[in-house]
1. What are the residues in the stretch 79-122 that are within 26 Å of ILE193 (Cβ to Cβ) and either in contact with a Gly (Cβ under 7 Å, 6 or more places away or on another chain) or acidic (Asp, Glu) (or both), if any?
2. Any residue in the stretch 367-390 that is touching a helix residue (DSSP H, G or I) at 6+ places or on another chain (Cβ under 6 Å), assigned to a helix (DSSP H, G or I), touching a residue at least 24 places away in the same chain (Cβ under 8 Å) and of a type in the set (Phe, Trp, Tyr)?
3. For the condition at pLDDT 90 or above and either surrounded by fewer than 19 Cβ atoms within 10 Å (Cβ to Cβ) or in contact with a Lys or Arg (Cβ under 6 Å, 6 or more places away or on another chain) (or both), what is the one hit in VAL107, VAL66?
4. Might you check whether a residue that is charged (D, E, K, R) and closer than 16 Å to SER348 by Cα occurs anywhere in the stretch 273-284?
5. Among the numbered criteria (1) buried (at least 19 other Cβ atoms within 10 Å of the Cβ); (2) at pLDDT 85 or above; (3) not acidic (Asp, Glu), which one does LEU217 miss?
6. Return a yes/no flag: does the stretch 19-30 have any residue that is modelled with pLDDT of 80 or more and either more than 17 Å from the chain's Cα centre (by Cα) or surrounded by fewer than 19 Cβ atoms within 10 Å (Cβ to Cβ) (or both).
7. Give the residue that is surrounded by the fewest Cβ atoms within 10 Å (Cβ to Cβ), with candidates limited to residues of the stretch 365-412 that are under 30 Å from LEU217 (Cα atoms) and more than 19 Å from the chain's Cα centre (by Cα).
8. Report the residue count in the stretch 261-276 for those that are closer than 20 Å to LEU169 by Cβ and not in a loop (DSSP other than H, G, I, E, B).
Amino acid sequence: MSSPAHTAVVSDREARKVAFGAFVGTALEWYDFFLFGTAASLVFNRLFFTGSPVAATLAAFATFAVGFAARPLGAILFGHLGDRIGRRTCLIVTVTMIGIVTGLIGVLPTALSIGVLAPIALTVLRLLQGIAVGGEWGGAVTLAVEHAPKDKRGRYAAMPQIGSPIGTLLSSGAFLAVSALPKDSFDSWGWRIPFLIAFPLLAIALYLRRRVEESPLFEQLLAEDERASSPVKDVVVRSLPQLLVGAGSAFLGVGGFYLATTFVISYGTATLKLPQSLMLAATLVAAAVEIAVLITGGRLAERYGAARITVAGGVLSAIAAFPMFWLIDSKSAALVIVGVTLGVACLSVPYAVSGALLTELFPARLRYSGVALSANVAGLVSGFVPLVAAAFLAGAGGASWTAALLLIVIALITTISGMLAPKVALGRDDEVVEDVRG
């Protein structure tokens with residue numbers, strides 16, 4: 001049963017406030033989540049895992065992947081609740097959950113203190129992180145889009161996406177700052193500071209989230225009793241093509257990003273013996289450029305459509321894959337920064353419009369579940385990308401062509417999904433938010 005037409009009324013000012021609230025919340029979520037990825041490359045492999053450097057790094061990346069494996073659980077849980085009881089309530093819960101969990105990582109004892117319990121505790125907290133993130137992004141982008149006038153959905157859907165590079169800037173910047181400490185100080189307490197910062201950031205995010213109103217489209221679904229009784233089941237059983245296309249379209253923006261950041265940091269420091277500060281600086285520059293790409297991509301989606309921009313970004317990323325790694329392999333500081341920035345900029349094009357594209361694939365009654373599941377199926381696979389890239393790299397004797405080839409495969413999957421998206425979209429054009437200015 002398809003949902004009826006809905007016309008909700010919201011002011012442009014309210015739409016901007018909701019989009020900003022979504023942005024701040026996702027920035028905290030991604031700060032916390034990306035922080036773990038950076039720490040997995042620089043800290044956890046040494047302080048929480050034992051064995052050879054290669055084995056410890058693989059174990060740290062496996063723990064990193066656990067968070068992605070948990071994300072579909074969060075999508076199922078919060079997708080169901082978001083389509084049943086409301087988007088806003090779920091987003092308050094997810095942001096609280098991940099802020100607390102991340103702060104607790106900052107007080108964990110290491111393997112030297114409690115042995116095998118250290119990696120176990122780290123894995124459990126990472127699991128909880130993943131569940132929270134699994135419900136966060138889908139709800140944030142759904143709330144932003146459902147408050148937005150139809151002709152402005154591209155820019156508002158891009159707002160939660162900007163939380164990703166902001167999270168990267170904050171997490172990499174925090175680690176860059178503490179990496180200046182002497183090694184003993186960094187290993188004993190310095191690495192903990194970025195995680196503990198999650199507590200004050202959580203207070204800010206909660207303040208803003210609580211000021212955001214519920215989606216007007218969801219309120220109409222509630223008033224007309226048009227909610228799906230089992231939204232997750234309906235998505236999986238009745239909207240499987242949309243789910244698969246959505247996951248494929250989101251794959252490059254998530255999996256490609258972790259290849260270009262988490263894996264590249266490890267590759268640069270461990271294989272190329274480049275300074276840790278250089279790799280973190282490259283990530284910071286790339287994240288700053290990504291913000292401009294995301295803003296531009298959101299506007300382009302309004303003009304050309306999210307599907308076309310997704311295809312263009314996939315093609316650009318495939319073309320840039322080998323040049324990116326050639327630049328990094330040069331070991332020149334300037335070229336390394338250019339290489340990382342090039343890769344992140346290209347894969348950020350489809351990421352900019354991912355929210356707009358995914359919300360078009362599903363009707364309002366299934367939207368939170370559909371968007372969350374699509375993004376987190378992609379996230380589940382993406383979490384293993386650094387691990388697979390590291391394994392391929394080891395098998396090829398440290399040659400970067402394996403990672404470049406993996407990036408091309410990911411880019412082509414997103415390109416094909418972008419081509420298929422308009423053919424399978426179920427989002428109703430008559431579900432419109434009326435823009436009331438004043």
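1. Correct list: THR94, VAL95.
2. Checked against the condition, which is being touching a helix residue (DSSP H, G or I) at 6+ places or on another chain (Cβ under 6 Å), assigned to a helix (DSSP H, G or I), touching a residue at least 24 places away in the same chain (Cβ under 8 Å) and of a type in the set (Phe, Trp, Tyr), the stretch 367-390 yields at least one hit.
3. VAL107
4. No, the stretch 273-284 contains no residue that is charged (D, E, K, R) and closer than 16 Å to SER348 by Cα.
5. For LEU217, the failing item is (2).
6. yes
7. That would be ARG365.
8. So the answer is 9.
The values are calculated or read from the model by the stated rules, or taken from the named source; none is laboratory data. Computed from a predicted model, the values in this text were never measured in an experiment. Every residue, glycine as well, gets a Cβ built from its backbone with ideal geometry; the counts of neighbours run over all protein chains shown.
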